[in-house]
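Okay, so here's the structure we're looking at.
The values are calculated or read from the model by the stated rules, or taken from the named source; none is laboratory data. The structure presented is a predicted model; accordingly, all values stated were derived computationally and were not measured. All Cβ positions, glycine included, derive from the backbone under ideal geometry; neighbour counts span all protein chains shown. These area figures cover heavy atoms from the full protein model, side chains too; ligands, DNA and RNA do not enter into them. Shrake-Rupley method; radii C 1.70, N 1.55, O 1.52, S 1.80 Å.
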Amino acid sequence: MRVPIFFVPASAHGIFLIFLLLLPAQAAHSMASVPVNYADQSKSELMHIWHERVIENGGVHPWTNKHDGMRVFQEWISLLLLHEHENLNKKIELGKAFERYIVTNNLQALSKVGTSLPLPGYKPADFDMTLLGCISLLGLFEKDTLLLTNKTYVHLIKIISRCWGQESKHYFEVLLFNFQETENHIFMIESARYLTNQFIWQNVRDLSEIFTLKDSLIQRNVVLKNDDGVLYQLLLKKMQQIVKSGFFEFNAKVYQRFTLHALNNLYSFSKDSLIKVAAACVLDYSSIKFAFQSAYSIRLGPYRRSAEKFWQDTLFKSDPAISFYAAQSASFPGYGNLCNDETSRSATSLPSELICLWRQSLAHSSIALFSSVLSYRVPVSILYFMQTKKHTYSAVMETKRTYKGMRESSPEIYFSTPKYLVSAGGKYKFYRGPNFPVKYTNFFMSEVPWVYDILSRSSSILLYPFYDRNRSVPTQVLKFKGNQWKENNLAVYKNFIFGYAKNLSDSTKGHNIWHNWPQNVPEFLNGLPFSSFSTPLFDYRLFSIEGIGISIVMSRLKHKKTFFKHRYQSYLRGGIEVINQHETVKTDAIINQKKLADSASLNQLVYTLWSGDKIFLNRKYNRHRNGFSLIEQPVNKALDNESVQGVPFSVQKFPLLKVRLMDNKNHTPGAIIVQADGKGNLQMSNPFTGDSLTILFEAWWFPRRINAN
């Protein structure tokens, strides 16, 4: 590890620099079969990454609107933590330097809290994003008067935070109109308000300045005591709403990290046991969802928000929230050229590619830092599935949100095996365009359009090992060509997906052999030899990928049968089936099975899997309907009424979250290991570690979290 040896101020304008002596890092060790949380290793790496940014800048970055002051607290937290075990004199020196940066320069809040809009005359906002780091620093060093001096402590609470009382900020104002505040801002603002109230009310340092501030606020009728107050109830109800209905901003690529940070602040620093438990329940729900929607910390599902990102189709770079979990799981794919040898450290227990991602991205390294230095740790039962991909499972993740009295239709569907992950995601039941899902009929626009969009992802299959060497653009993802802001790609059954795509004009054909096919075929697959054959129902192309041990069958609904039917002239339809290669699975056997099955279908639109399951395809498959009308299995068992063993609650027909183990070879259904009922209750049972987790949050005033190891 690297040890700091001395401190030197860089300027009189609040910018300081710490030089470190670099010593060899710890020897690498392989990830154990028993889940190991890598938060401490990540913490060490991330502190040095942030410190290196300070060196490159010539000191801590100045307090300016350019970066909303956000990176300032990350840099100072890293510097302070690097020196928390130093000798007394060095800690005093660093604490005084931090005091000069904050107090001597009389730093003020850079903007107001809440949603920021790029409108003329609209005052800058989003300062609650900066407050997250401020609150984390106050909580981490609340009892360390050397690194966080009393003067700095008071200034941060009194001048920088200034977020206190019980009146929540539900709305933001634009000219003469009010708009409901967004989910991430509500959690950022109200968690900061709650914890600032706590810092002032409890005054653990017994400071006269805090007593004076407390008295002055009380005289102005500001309620600081959180106990069972309005703010206390608001936070519990908002957290219960997520465990009941899911995040409103689900999988939000830009904003989810801020909500996770706010919840982690509440869990780490709240002195109230119920607030702490409630925050942990929401973080557990989010962790479970991520564990089963991702592969090696990469996820490719639907997401709400943000409209300005809807053109992006990146695997991970614009999704910083994945680093919240990667910092603890150390699970990340080996992208060959993510960074060069000069910037990668091989002598570490963390993947060099993950370290390089944190070096390159401020957003990723920010949430990863707070994941590692704050208190929440992913329970063992969940962490196991983040680190281990040797089991097969199916997962369905619903939303219980409603819009204008109608239940949203945006489930996520996943099917994971040791060799690949099938993912699909939906959209609004009624959709008006990429950014405007609501057709506005009134002049005043009662909702903010970019908040309500749900961006679908074309049904896709991520193959292991990952073939993407481009770092951000998933050119090597096998998926359908559907536009992500229009298509509803929910037709997934085990290892088969059925999708569609807009039929392109012949003028764009060129030399693309996949021009009139609905599948987007990546380069590495397009360069492999394949077998072509046809049946009365489908055209087929069959690939064999021996390096992974799978065969891929791509199908296209026959043009002759459907050219004047089902709007086929506008939309191409077909399927992708992934077959594990065994000794008995040969190319000729697959071809013969498809030909025999299709010839026996009697002109019904039926696709027969290699397993023998028959899938009846909707004749009018379009943007508003599921692709399957019926599925027949060789052994038809009624599995919908099963539940996790010992679940202390009833499960609705459409659960919020459901994960079922499957047989690795034949994909026959096994036990349900996760189930959430949409009422605030969740049960997870991990048969591989013997751990379980139960969340009981049906009563907002009494959240319970059981066996969270």
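Before we move on, is Phe436 assigned to a loop (DSSP other than H, G, I, E, B), at negative phi and either surrounded by 15 or more Cβ atoms within 10 Å (Cβ to Cβ) or at pLDDT below 75 (or both)? Judged against the criteria, Phe436 is a match. Scanning segment 660-693 for residues that are among the acidic types (Asp, Glu) and crowded, with 19+ Cβ neighbours inside 10 Å yields Asp677, Asp691.
Of all positions in segment 701-708, at least one carries a residue that is open to solvent by less than 60 Å² (accessible area, probe 1.4 Å), over 28 Å from Phe496 (Cα atoms), at pLDDT below 95 and out of contact with any Gly (no Cβ under 7 Å at 6 or more places or on another chain). Applying the condition of being basic (Lys, Arg) and in contact (Cβ under 8 Å) with a residue 40 or more places away in the chain to segment 248-281 and asking which residue is farthest from Trp700 (Cα to Cα) yields Lys253. Is it the case that segment 17-28 has a residue that's of a type in the set (Gly, Ala, Ser), over 30 Å from Ile382 (Cβ atoms) and modelled with pLDDT under 95? No, that holds for no residue.
Filter segment 125-151 for residues that are more than 22 Å from His83 (Cβ to Cβ) and not in a loop (DSSP other than H, G, I, E, B) and give the result.
Result: Phe127, Asp128, Met129, Thr130, Leu131, Leu132.
Evaluation of Leu274 against the conditions (1) surrounded by fewer than 21 Cβ atoms within 10 Å (Cβ to Cβ); (2) within 17 Å of Phe316 (Cα to Cα) shows that the sole unmet condition is (2).
If I go through segment 58-99 residue by residue, how many of them are free of Cβ contacts under 8 Å to residues at least 60 places away in the same chain, out of contact with any helix residue (DSSP H, G or I) (no Cβ under 7 Å at 6 or more places or on another chain) and among the hydrophobic types (A, V, I, L, M, F, W, C)? Residues that pass the stated criteria total 2.
For segment 57-110, a tally of residues being surrounded by fewer than 18 Cβ atoms within 10 Å (Cβ to Cβ), among the polar types (S, T, N, Q) and more than 18 Å from Leu146 (Cβ to Cβ) returns 6. Selection of first residues in segment 225-239 that are within 15 Å of Asn197 (Cα to Cα) and part of a helix (DSSP H, G or I) and of second residues that are among the acidic types (Asp, Glu) and modelled with pLDDT of 95 or more, restricted to Cβ pairs under 9 Å at least 6 apart or on distinct chains, gives the following pairs, ordered by first then second residue: Leu231/Glu190; Tyr232/Asp272; Leu234/Glu190; Leu235/Glu190.
In segment 263-279, which residues are under 10 Å from Ser191 (Cα atoms) and outside any helix (DSSP H, G or I)? The one that is under 10 Å from Ser191 (Cα atoms) and outside any helix (DSSP H, G or I): Ser270.
Can you tell me which of Lys225, Lys253, Lys237, Lys244 is over 20 Å from Ser168 (Cα atoms) and open to solvent by 60 Å² or more (accessible area, probe 1.4 Å)? On inspection, the qualifying residue turns out to be Lys244. Residue count for segment 365-397, restricted to those that are within 27 Å of Met188 (Cα to Cα) and either open to solvent by 30 Å² or more (accessible area, probe 1.4 Å) or modelled with pLDDT of 95 or more (or both): 18. Pairing residues of segment 37-56 that are under 22 Å from Arg377 (Cα atoms) and open to solvent by less than 20 Å² (accessible area, probe 1.4 Å) with residues that are outside any helix (DSSP H, G or I) and of a type in the set (S, T, N, Q), at Cβ distances under 7 Å and at least 6 apart in sequence or on separate chains, gives Tyr38/Ser349; Glu45/Thr348.
Which ones in segment 689-709 are hydrophobic (A, V, I, L, M, F, W, C), farther than 12 Å from Ile382 by Cβ and assigned to a loop (DSSP other than H, G, I, E, B)?
The initial filter retains those residues of segment 689-709 that are hydrophobic (A, V, I, L, M, F, W, C), namely 693, 695-697, 699-702, 706, 708.
Then keep just the ones that are farther than 12 Å from Ile382 by Cβ; that gives 696-697, 699-702, 706.
Listed by number, the residues that qualify are Phe697, Ala699, Trp700, Trp701, Phe702.
With respect to Glu353, determine if the residue is open to solvent by 20 Å² or more (accessible area, probe 1.4 Å), under 26 Å from Met70 (Cα atoms), outside any loop (DSSP other than H, G, I, E, B) and at pLDDT below 60.
Working: open to solvent by 20 Å² or more (accessible area, probe 1.4 Å): yes; under 26 Å from Met70 (Cα atoms): yes; outside any loop (DSSP other than H, G, I, E, B): yes; at pLDDT below 60: no.
Considered against the rule, which asks whether it is open to solvent by 20 Å² or more (accessible area, probe 1.4 Å), under 26 Å from Met70 (Cα atoms), outside any loop (DSSP other than H, G, I, E, B) and at pLDDT below 60, Glu353 comes out as no.
A count restricted to segment 222-251 and to residues that are in contact with a helix residue (DSSP H, G or I) (Cβ under 9 Å, 6 or more places away or on another chain) and within 20 Å of Glu398 (Cα to Cα) stands at 11.
Taking each residue of segment 298-327 that is among the β-branched types (Val, Ile, Thr) and looking for partners that are modelled with pLDDT of 80 or more and not in a strand (DSSP E or B) with beta-carbon atoms closer than 6 Å, six or more apart or interchain, yields Ile298/Phe316; Ile322/Ser297; Ile322/Phe316.
Quick one: which strands (runs of 3 or more DSSP E) lie wholly within segment 457-554 and hold at least 1 residues that are closer than 25 Å to Ile322 by Cα, modelled with pLDDT of 75 or more and among the polar types (S, T, N, Q)?
Numbers: elements: 460-463, 478-480, 496-502, 530-534, 538-545.
Strands (runs of 3 or more DSSP E) meeting the threshold: 460-463.
For segment 156-173, the set of residues classified as open to solvent by less than 20 Å² (accessible area, probe 1.4 Å) and over 30 Å from the mean Cα position of the chain (by Cα) consists of Leu156, Ile157, Gly165, listed by residue number.
Among residues of segment 196-208 that are more than 13 Å from Ile135 (Cβ to Cβ), those with a beta-carbon under 9 Å from a residue that is open to solvent by 10 Å² or more (accessible area, probe 1.4 Å) and of a type in the set (Lys, Arg) at least six positions away or on a different chain give the pairs Trp201/Lys214; Trp201/Lys225; Gln202/Lys271; Asn203/Lys214; Val204/Lys143; Arg205/Lys143.
Residues of segment 195-222 that are under 14 Å from Ser270 (Cβ atoms) and open to solvent by 80 Å² or more (accessible area, probe 1.4 Å): Trp201, Gln202.
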